[in-house]
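Okay, so here's the structure we're looking at.
The values are calculated or read from the model by the stated rules, or taken from the named source; none is laboratory data. Since this is a predicted model, take the numbers as computed values, not measurements. Virtual Cβ from ideal backbone geometry, glycine too; neighbours counted across all protein chains shown. To get the accessible areas, we keep the full protein, side chains included, count just its heavy atoms, and leave off ligands, DNA and RNA. Shrake-Rupley method; radii C 1.70, N 1.55, O 1.52, S 1.80 Å.
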Amino acid sequence: MEEERLGWHWNEGDRVRYRHPDPKRRDIVEGVIDKKDWGVEKGTEIYRFLVIADGESDRWSVQPGQLQKATGEPTDEPVNRRADIPLPPSFFKDS
């Protein structure tokens, strides 16, 4: 039987709640999963996510253990899903 990858139940477009990865902020925000991919971390297959907080346009890398189901409705400000934002080289690097 195959093991399930950590984060398998989250999908692109899901609304989520998480601690903002910006070290200057670190507050709890809600947003949407913009990209989902998988890799290996410390020998364990794991999904990795890029998320966009409500009202922002920057994507941030978040691990599945940091995600929770969103509690509120989206804000009035639209999320700008920018496909032109390059991923950092280490984002999908296997450990």
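Please count how many residues of the stretch 38-62 are out of contact with any helix residue (DSSP H, G or I) (no Cβ under 9 Å at 6 or more places or on another chain), open to solvent by 10 Å² or more (accessible area, probe 1.4 Å) and not polar (S, T, N, Q).
Residues that pass the stated criteria total 12.
Mind checking whether some residue in the stretch 3-13 is modelled with pLDDT under 70 and either open to solvent by less than 100 Å² (accessible area, probe 1.4 Å) or in contact with a Phe, Trp or Tyr (Cβ under 8 Å, 6 or more places away or on another chain) (or both)?
Residues of the stretch 3-13 modelled with pLDDT under 70: 3-5.
Adding the requirement that they be either open to solvent by less than 100 Å² (accessible area, probe 1.4 Å) or in contact with a Phe, Trp or Tyr (Cβ under 8 Å, 6 or more places away or on another chain) (or both) leaves 5.
So far as the stretch 3-13 goes, yes, one or more of its residues are modelled with pLDDT under 70 and either open to solvent by less than 100 Å² (accessible area, probe 1.4 Å) or in contact with a Phe, Trp or Tyr (Cβ under 8 Å, 6 or more places away or on another chain) (or both).
Within the stretch 25-37, how many residues turn out to be assigned to a strand (DSSP E or B) and loosely packed, with under 15 Cβ neighbours inside 10 Å? Write out each step before concluding.
Our first condition is that a residue be assigned to a strand (DSSP E or B); within the stretch 25-37, this holds for 28-37.
Next, from what is left, pick out any that are loosely packed, with under 15 Cβ neighbours inside 10 Å: 28, 37.
Residues meeting the conditions: 2.
Return yes when T75 is surrounded by fewer than 17 Cβ atoms within 10 Å (Cβ to Cβ), at pLDDT 65 or above, closer than 23 Å to R26 by Cα and over 15 Å from the mean Cα position of the chain (by Cα) and no when it is not.
So T75 fails the test.
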